[in-house]
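Here is the structure we will look at, set down as structure tokens.
The values are calculated or read from the model by the stated rules, or taken from the named source; none is laboratory data. Remember, it's a predicted structure, so these values are computed and weren't measured experimentally. Backbone-built Cβ (ideal geometry, glycine too); neighbour counts: all protein chains shown.
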Amino acid sequence: MTEKEKMIIGLPYMASDRVLQKARLVAQRACFRYNQIDPKHHKERKALIRGLFNSTEALFCVEQPFYCDYGFNITIGNNFFSNYHLTILDCAPVTIGENVMFGPNVAIYTAGHPIHYETRNTGLEYALPVNIGNNVWIGGNTVINPNVNIGENSIIGSGSVVTKDIPPNVIAVGNPCKVLREITEDDKRYYYKNRLI
């Protein structure tokens, strides 16, 4: 089994593997080119992302700058929007549903390192997937750690560090991120706190 195959299925692997180094360089160069494109050239920007990601739908916007490890492990659904400075360490699959919005400085980390320093110092790594359901809003400066699932329709408050699964239809915030409350039908009446639409 190759180091790439181990990486993608969640087994320990060596990130120093030459094949993985070359794949990261391809992604780094693609991100560099993407981040240099004049923002008015929407078609060029979309074409580059389509070539980098595993899968995209028709409608999406990834604001510059954007960074990722590989790109080939990222799948985004229709009507995806990410604000400035999105970073996705996609050593394992990152699957993002439809109608998902990210604030600025969102970071998704699938990669991790062993706890014991002797094992960590060998260069051994692991990667576990991240799944984000439909209609999710991730607030700015949020970090999503490996092996996390965020349920559909949920909101993650700004500055959160998501270390465990978040159920659907909730507002969750904090470090570590915890459920604050459920989203209800009454929430349709307000655009911000107690301000009526």
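For (1) in a loop (DSSP other than H, G, I, E, B); (2) of a type in the set (A, V, I, L, M), each residue gets a yes or a no:
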{"position": "VAL26", "(1), (2)": "no, yes"}
{"position": "LEU48", "(1), (2)": "no, yes"}
{"position": "GLU57", "(1), (2)": "yes, no"}
{"position": "TYR67", "(1), (2)": "no, no"}
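Tell me, which residue of the stretch 55-74 that is of a type in the set (S, T, N, Q) and buried (at least 18 other Cβ atoms within 10 Å of the Cβ) is nearest to ASN135 (Cα to Cα)? Selected residue: THR56.
Listed here are the residues, each with its yes/no results for (1) at pLDDT 95 or above; (2) aliphatic (A, V, I, L, M); (3) on the phi < 0 side of the Ramachandran plot; (4) under 21 Å from the mean Cα position of the chain (by Cα).
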{"site": "MET7", "(1), (2), (3), (4)": "yes, yes, yes, yes"}
{"site": "GLY10", "(1), (2), (3), (4)": "yes, no, no, yes"}
{"site": "MET14", "(1), (2), (3), (4)": "yes, yes, yes, no"}
{"site": "ASP17", "(1), (2), (3), (4)": "yes, no, yes, no"}
{"site": "LEU25", "(1), (2), (3), (4)": "yes, yes, yes, yes"}
{"site": "ARG29", "(1), (2), (3), (4)": "yes, no, yes, yes"}
{"site": "LEU52", "(1), (2), (3), (4)": "yes, yes, yes, yes"}
{"site": "THR56", "(1), (2), (3), (4)": "yes, no, yes, yes"}
{"site": "PHE60", "(1), (2), (3), (4)": "yes, no, yes, yes"}
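Evaluated against (1) without any contact (Cβ under 8 Å) to a residue 60 or more places away in the chain; (2) within 21 Å of CYS31 (Cβ to Cβ); (3) within 12 Å of the chain's Cα centre (by Cα), PRO93 falls short on exactly one condition, (1). Scanning the stretch 77-106 for residues that are among the charged types (D, E, K, R) and surrounded by fewer than 21 Cβ atoms within 10 Å (Cβ to Cβ) turns up just one, GLU98.
If the requirement is being surrounded by fewer than 16 Cβ atoms within 10 Å (Cβ to Cβ), more than 22 Å from THR75 (Cα to Cα) and either basic (Lys, Arg) or in contact (Cβ under 8 Å) with a residue 24 or more places away in the chain (or both), which of these qualifies: ARG50, ARG18, ARG33, ARG29? So that I can check it myself, show each step before the final result.
Numbers: ARG50 fails: more than 22 Å from THR75 (Cα to Cα); ARG33 fails: more than 22 Å from THR75 (Cα to Cα); ARG29 fails: more than 22 Å from THR75 (Cα to Cα).
So the residue among ARG50, ARG18, ARG33, ARG29 that is surrounded by fewer than 16 Cβ atoms within 10 Å (Cβ to Cβ), more than 22 Å from THR75 (Cα to Cα) and either basic (Lys, Arg) or in contact (Cβ under 8 Å) with a residue 24 or more places away in the chain (or both) is ARG18.
Among residues of the stretch 135-148 that are under 19 Å from ALA111 (Cβ atoms) and at pLDDT 95 or above, those with a Cβ under 7 angstrom from a residue that is part of a loop (DSSP other than H, G, I, E, B) and among the acidic types (Asp, Glu), sequence gap 6+ or separate chain, pair up as VAL148/ASP165.
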